[in-house]
Structures are given as structure tokens and as C-alpha cells.
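The values are calculated or read from the model by the stated rules, or taken from the named source; none is laboratory data. Since we're looking at a predicted model, the values are computed, not measured. Because the Cβ atoms are built from the backbone with ideal geometry, glycine has one as well, and the counts that use them run over all protein chains shown. The protein model used for the area step is the full one, side chains on, heavy atoms only, and it has no ligands, DNA or RNA in it. Shrake-Rupley method; radii C 1.70, N 1.55, O 1.52, S 1.80 Å.
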Amino acid sequence: QVQLVERGGGSVQAGDSLRVSCAASVRTLTRYAMGWFRQAPGKEREFVAAIDWSGVSTAYADSVKGRFTISRDNGKKTMYLQMNSLKPEDTAVYYCGATLGFGVVTSRYEFWGQGTQVTVSS
């Protein structure tokens, strides 16, 4: 069982930066690949970024490529999402997930956090 807790959301202006984190309560985090997804009001949850167990392989949605960076610290059992050049369309609840596989679709993820709100004003 993996428990995930996101932190670091907030309200910012367009062009600002924000870093959200995801702390995992699990014996061995290196068993799991992890990812960030987001869900805006009235929309389905969508993929943002994913990272493999080692932190070497990453994947990004086209909409965030070049602006967001995913990383992890297995010693701290924490994953991060650095978000730069934020846009109003980045406004959503951001969720972290953990999976024994690696993927960009929600169905691949077995464990989820409760989400953290990110609001970007123009």
C-alpha cells in the first residue's frame, strides 16, 4: 500500500513559477514509477508528467514540455513538479500517482494522492 500526499499548490500570476511535491509513505519507493496528473473543472483527469523508479526516464504532455520538470528523491521518498512560465490554462487540481509499471494514462496507476489546487490568474 502506498499513501501519497501532495503539497505546495497555491494561487499565482501568469508567468510565475511554483513547485508542488508528493510525499510517499511506503517501505520502498524505488519499486514504483510515479506521475503527475491534473483535472480542471468539468474536464477529465489528464496526464502531465511521469518519471521511472530511478529518475532517469521521464515523459511529459506536449502542453507542459519545456515549462515543467518532474524529479524525485528516493531517499526522501518525495517526487516534485517544478512548474515555470505558468499559464491560466494550467489551473487545475494536481494529483500524484504511483504505479508498479510506467505510463501516461490514469488506468496504469494504482495509488493516488488527494490532490492540490493550482490556480493561475492572468
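Odds and ends about this structure:
- Largest GNM mean-square fluctuation across VAL12, VAL56, VAL93, computed for the chain with C-alpha springs under 10 Å, falls on VAL56.
- A simple count of charges around ALA23, restricted to other residues whose Cβ falls under 12 Å of its Cβ and scoring Lys, Arg +1 and Asp, Glu -1, yields +2.
- Computed from the Cα positions only, the extents of the chain along the three principal axes stand at 41, 27, 23 Å, in decreasing order.
- Tail beyond 15 Å, pair distance distribution of the stretch 33-95 (Cα, percent): 49
- DSSP beta bridges in the chain [antiparallel fraction, %, rounded to 5]: 90
- A cut-off under 13 angstrom between Cβ atoms defines the neighbours of GLN117, and their net charge, with Lys, Arg +1 and Asp, Glu -1, is 0.
- Charge context of VAL48, other residues only, Cβ under 15 angstrom, K/R +1, D/E -1: +3
- Mean separation of Cα contacts under 8 Å, 6 or more apart, over the residue count of the chain: relative contact order %: 36
- Full extension of the chain between SER71 and SER107 yields a length gain of 10.8 nm, computed as 0.36 nm times the residue separation minus the alpha carbon distance.
- Working from label points 7 Å from Cα in the Cα-to-Cβ sense, the LYS43 to GLN117 distance is 1.7 nm.
- Accessible surface of the chain, 1.4 Å probe, proportion on carbon and sulfur as whole %: 46
- Heavy-atom surface of the chain, accessible at 1.4 Å and reported per residue (Å²): 51
- Once both labels are positioned 7 Å from their Cα atoms along Cα-to-Cβ, the gap between LYS87 and ASP62 label points is 1.2 nm.
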